[in-house]
Amino acid sequence: MFARLAKLPVARTTSRLVRWSSNVRLTSESYPQVHRLDFGQVTPKTVDFFKSVVGDSAVITNEDDLLLYNEDQMRKYRGQSRVCVKPKNTQQVSEIVKYCNENKLALVPQGGNTGLVGGSVPVFDEIVLSLSSMDKVRSFDSTSGILKADAGLILENADNFLAENGYIFPLDLGAKGSCHIGGNVAANAGGLRLLRYGSLHGSVLGLEVVLPDGTIYDSMNALRKDNTGYDLKQLFIGSEGTLGVITGVSILCPSRPKAVNIAFLGLESYDAVQETFKRAKSELCEILSAFEFMDRQSQVQNKRFSKNTHPLAQDDPDVDVPEYPFYVLIETSGSSKEHDDAKLETFLESIMEEGIVSDGVVSQDETQLKALWNWREGISEASNMDGGVYKYDVSLPLPVMYDLIEVLRVRLDEHGLRSASDASKPVVDVVGYGHIGDGNLHVNVIVREYSKTVEKCLEPFVYQWVSDHHGSISAEHGLGFQKKNYVGYSKTDVEIALMKQIKHKFDPQGIMNPYNIIRPDPELELSEEYISSSGEANGSRFDLRASSYARSSTAVSSALSPRFLKMRKKIRPMIIEAPTAPPTAPPMMAPLFEDDFEFELPLEADADAEAEAIGVDCVT
Amino acid sequence: MSSKVRILLPVKRVIDAALKPRINKTQTGIESAGVKFSINPFDDIAVEEAIKIKNEHKDLVESIHAVSIGPAKAQDILRIALAKGADTSTLIDVQDQEVEPLQVSKILKAVQERQNSNLIILGKQAIDDDSNQTGQMLAGLLNWPQATNASKVKINSDSTVEVEREIDGGVEVVKASLPMIITTDLRLNEPKFVTLPKMMKAKKKPLEKLKVEDLGVSIEKRLEILKLEDPPARQGGLKVGSVDELIAKLKELKAI
């Protein structure tokens, strides 16, 4: 650590009294297996060119100032970029990207840098292209509700602007005060209003994107209905900055609900949570706008840092958080307060009387409404307070959703890693919460510090478990740097091959966010072998989801690099059939392949023990 | 005087404190269409304090009666007061009429007489007109002692009440016997959420509806609002490059 610091220029230490320092490990140190790809280096000439395009003040080269752009918000990843450019318009973005492409310089487009998977920060010395200076509303049509704005517009500002006009942004999330709408689109953020307003794939009407060669793709004037050929903008939604730089967003915004109510409930079991959801859907129907659940541990964590009185513990000052294992937050939004109040009241009375819900409160004013939301939205921040957090954001079928949290707690305990009070254990606790309405669970493994031991205990175990239970390993956070190796747990060979071809089509040099999602690969073709291997485990060519083990193992191998495709024959005998796995601790697949950048091993003892239990040899 | 305490809780329905009020097009008042209304936060504190007093002195407090003067929808906030622990309530339906503090005080005096209340706890002011007059005027009309801007209330066993008030440079403690009036300040307590079981019980509690005439009071207007205006928008700041430029700017603005 010190040796590395010594290599860095220290010229300014005397001239600056306050030196902003970072204790976040460099990503390249945390993941020494990841190697810098063959990109050009930033030279003084590069910086001069950038300055000539955007002006001196919009190019940041000061190392301390750059920390803001190099570090992610979870303080888990830190890149070593030497330059950040902040263009003010699309033309400037185009010139910068074109220059980078011509000189084969890697770059990372960055919005509010609130990403949760390390997808918005550099890994090595990629140039940071920050959209924060492009933050204006371009136009708003108050009849149709179509908002056109720069990608760097902060979500909360967009929503406040729309509120003035009686409209609402169809997306809301905890980081709204910092995140950019362009970043939201690039990450295909889901958030709190998805249950009501659907995903960005539906509400985004058009995009302006600077492609990796500098070409400007513009569909900002797109209509709500337009069936003329391929819907290209969809490719950029969720592309995480790998296909181009989103510079403008045209989005359809719904009318702002005039009446909003919040109910915060305490429940005795996860079954009761599901039952409440079922009832809420049928009885609240069109006014139901959010249905969030939180486990007790998440509330305890929130309480530890917010210090506020928990809404269900206000009658007893000795209780921090009541003993209910689950909490639910229900939001209704509608146009008539009397109607909504009556409906919500009837609903709450019936579930209370039937004993499905044990206790609850309802917001009486805006201040209480925000306070109640904080017990859900604040979990993310509170989870970060002990030192760090491993976040998993998964989609799972509702009945098994919470099992993952319980399985993880058991697993961490078996490895002796978890304790809320013993500071020598790396993990404080595992908390679970999320959007029941969307089948989306957030898993926060709260740690005192990031460590390889914990990471190896969790990954790829979590991904394998999710895959086994027919879930997605990333519901709304994206793949980023954290999960890029695990795409195979959620996507089939065919899908991955297509993704690689698309990436190659847009970005043949792979300069855009190069250590994220996927590398371009023109060689991969959808050969006969691919198609048959995907479905062969159960004898069907097309039922790709039928055998998740088979699918994930072969898919992961092909998601990596062509040279490992040769290993496919060796890999296949390792496939373990799902039914032999005990339900609580499914066998972990031994790491069979090497990645371009990274090589992950589960805990060695662990892998061996599990391999033994299921009667196969562990190939490492 | 009996030794029992009968609390009267006047509560007002106002535009939600967390919302930014907007002046209507005719500049005569605040835009109220489609805006969320809630209980006046200072009154909410008064309700909380009354419940607290009742919980701490179960034998002493005989009843808590909440009253609101306003449109029919003011029932909502009376229900909240009932859910939190008030026993009975009265709505004085004045529809959408503005009622000035003096008139409010007269109406409340009539309610006090009906209820035979001997402790009135109310917010120091309503956040819509910010008059900060009702408590004081009511004390004058009733000729009762008043402790305004309370930050702590203590009921003694001899039926005297000690009230702490935050003043410049310290705390002032005033003491009086019942009957008396207390107006509440922000730091007195933190209002709690209403729980669902309490909300359900509150539906069965009595809510009496009266007109002003029933109390023998008439509403007369003594004040005339000429015009409402937003404060001027703040001018954006600017960055200066050097000390000389700063001085030049300051001189230009006649600041130095």
- [ ] Take A:Ile60, B:Ile225, A:Ile96 and order them by how many other Cβ atoms sit within 10 Å, fewest up front.
- [x] B:Ile225, A:Ile60, A:Ile96
Task: Hz values of 3J(HN,Hα) by residue in region A:413-420 - Karplus curve (6.51, -1.76, 1.60), Gly and Pro given as x - done: 5, 4, 8, x, 9, 10, 6, 6
Open item on the list: Set the bar at 31 Å for Cα to Cα. Now go through A:Lys391/B:Lys52; B:Lys36/B:Lys204; A:Lys51/A:Lys483; A:Lys86/A:Lys303 and name every pair that lies beyond it.
Closed with: A:Lys391/B:Lys52; A:Lys51/A:Lys483; A:Lys86/A:Lys303
TODO: Would you tell me the mean number of C-beta atoms belonging to other protein chains that fall within 10 Å of each C-beta in B:195-203, as a whole number?
DONE: 5
Open item on the list: Testing the spin-label approximation: label points 7 Å from Cα along Cα→Cβ at A:Ser57 and B:Arg222. State their distance in nm.
Closed with: 5.6 nm
Open item on the list: Can you work out the Karplus-derived ³J(HN,Hα) for every residue in region A:324-331? Use 6.51 cos²θ - 1.76 cosθ + 1.60 with θ = phi - 60°, whole Hz, and x for glycine or proline.
Closed with: 4, x, 9, 10, 10, 10, 10, 10
Task: Where labels lie 7 Å past Cα in the beta-carbon direction, separation of B:Gln95 and A:Ser335 in nm - done: 2.7 nm
- [ ] Please work out whether region A:322-384 counts as rounded, prolate or oblate from its C-alpha gyration tensor, where a ≥ b ≥ c are the square roots of the eigenvalues and a/c under 1.5 means rounded, while otherwise a/b larger than b/c means prolate and anything else oblate?
- [x] oblate
Open item on the list: Amide H of A:Met220 versus every other amide H placed in the peptide plane: which residues, excluding those fewer than 5 positions away on the same chain, fall under 5 Å?
Closed with: A:Leu207
TODO: Write down, largest first, the equivalent ellipsoid semi-axes of region A:76-140 in whole Å, where each equals the square root of 5 times an eigenvalue of the alpha-carbon gyration tensor.
DONE: 21, 17, 8
Task: Amide H contacts under 5 Å for A:Val447, placed H, 5+ residues apart - done: A:Gly388, A:Val389, A:Tyr390, A:Val428
Open item on the list: Using 10 Å bins from zero, what percent of all Cα-Cα pairs in region B:98-144 falls into each bin?
Closed with: 27, 58, 14
TODO: Take A:Met401, A:Met385 and order them by how many other Cβ atoms sit within 10 Å, fewest up front.
DONE: A:Met385, A:Met401
Task: Shielding by partners, peptide B:188-194 (average Cβ within 10 angstrom, other chains) - done: 5
- [ ] Evaluate 2.2 N^0.38 Å with N set to the residue count of region A:230-375, then give the Cα radius of gyration divided by it.
- [x] 1.27
Task: When region A:137-252 is reduced to its Cα atoms, the Kirkwood hydrodynamic radius in Å - done: 14.1 Å
Open item on the list: Quick check for region B:66-194: number of Lys pairs with alpha-carbon distance under 15 Å, counting only pairs 8 or more apart or on different chains?
Closed with: 4
Task: FRET efficiency, 1/(1 + (r/R0)^6) with R0 22 Å, evaluated for A:Asn89 and A:Lys45 via beta carbons - done: 0.40
Open item on the list: Cut-off is 10 Å between beta-carbons; in what order do A:Cys285, A:Cys84 appear when sorted fewest neighbours first?
Closed with: A:Cys285, A:Cys84
TODO: Compute the Kirkwood hydrodynamic radius of the protein assembly as shown, taking the inverse of the mean of 1/r over all pairs of distinct Cα atoms, and give it in Å to one decimal.
DONE: 30.8 Å
Task: Nearest-0.05 FRET efficiency for B:Ile23 and B:Glu162, computed from C-beta distance (R0 41 Å) - done: 0.45
Task: Whole-Hz ³J(HN,Hα) from phi, Karplus 6.51 cos²θ - 1.76 cosθ + 1.60, for region A:454-460, glycine and proline x - done: 5, 4, 6, 5, 8, 10, x
Open item on the list: Taking amide H atoms as placed 1.01 Å from N in the peptide plane, list the residues 5 or more away in sequence, or in a different chain, whose amide H sits under 5 Å from that of B:Thr184.
Closed with: B:Leu122, B:Gly123, B:Lys124, B:Asn149, B:Ala150
Open item on the list: Quick check: from the Cα gyration tensor, does region A:312-437 come out rounded (a/c under 1.5), prolate or oblate?
Closed with: prolate
Task: Three-way shape call for region A:420-503 based on the alpha-carbon gyration tensor, with the a/c threshold at 1.5 - done: prolate
TODO: Set the Förster radius R0 to 45 Å, insert the Cβ-Cβ distance between B:Ala255 and A:Gln33 as r into 1/(1 + (r/R0)^6), and round the FRET efficiency to 0.05.
DONE: 0.15
TODO: Could you tell me, in Å, what Rg and Dmax come out for the Cα atoms of region B:111-256?
DONE: 24.2, 73
Task: Degrees, to the nearest 10: B:41-56 long Cα axis against longest axis of chain B - done: 40 degrees
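Every number in this text was worked out from the coordinates using simple rules, so none of it is lab data. Everything quoted here is computed from the prediction, not taken from an experiment. Using ideal geometry, Cβ is built from the backbone for each residue, glycine included, and neighbour counts are taken over all protein chains shown.
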